[in-house]
Amino acid sequence: MELHNLKPAEGSVKKGKRVGRGEGSKKGGTSTRGHKGAKSRSGYSKKIGFEGGQQPLQRRVPKFGFTNPNRLKYNTVNIDTIQNLYSNKKLKSKIGKEDLIANGLVQKKDLVKILGRGELKAKLDVTADAFSLQAKKAIESAGGSANLINNSK
């Protein structure tokens, strides 16, 4: 078998039904679409969520809740992750947002918060947008420093 003689298995490919090609084809007239109504016409497409005239789900269920437009969403990094990267020599003793971005922990526009899960053994200078109390305590007890990025937010 080679590329020039490849073909589908016998009987696996069937011709499509040719509708609307005259009365002699027995598929003319209404072309299998039934009589009248929107579904019989060309260009018909049902709206998303349409339930046949029944009140759609998105209108039956009430709206609730509130989204605060001023909410600050932080991407979090735990100190055990930082310790692991430092042990594998992927981070230096001075850690900034750029280092976290380079290691794929956060995105460029993210606000970064350091959390205190795990144990920190190395003396590190960490710079981030926010720190949890446990993370700050762990960094400073290991002899490092936790520095905040000065944002206008």
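General observations
- Of the residues making up the stretch 73-96, just one is charged (D, E, K, R) and touching a Gly at 6+ places or on another chain (Cβ under 6 Å), namely D80.
- The residue that is farthest from V77 (Cα to Cα), among those in the stretch 114-153 that are without any contact (Cβ under 8 Å) to a residue 60 or more places away in the chain and assigned to a helix (DSSP H, G or I), is S141.
- Residues (surrounded by 10 or more Cβ atoms within 10 Å (Cβ to Cβ), of a type in the set (D, E, K, R) and within 30 Å of L124 (Cβ to Cβ)) located in the stretch 46-89: D80
- Hits in the stretch 86-113 (condition: farther than 17 Å from T76 by Cβ and acidic (D, E)): E98
- Pick from the stretch 112-138, criterion among the hydrophobic types (A, V, I, L, M, F, W, C) and closer than 18 Å to K89 by Cα, ranking: surrounded by the most Cβ atoms within 10 Å (Cβ to Cβ): V126
No lab work stands behind these numbers, since they all come straight from the coordinates. Just so it is clear, the model here is predicted, and its values are computed rather than measured. Every residue, glycine as well, gets a Cβ built from its backbone with ideal geometry; the counts of neighbours run over all protein chains shown.
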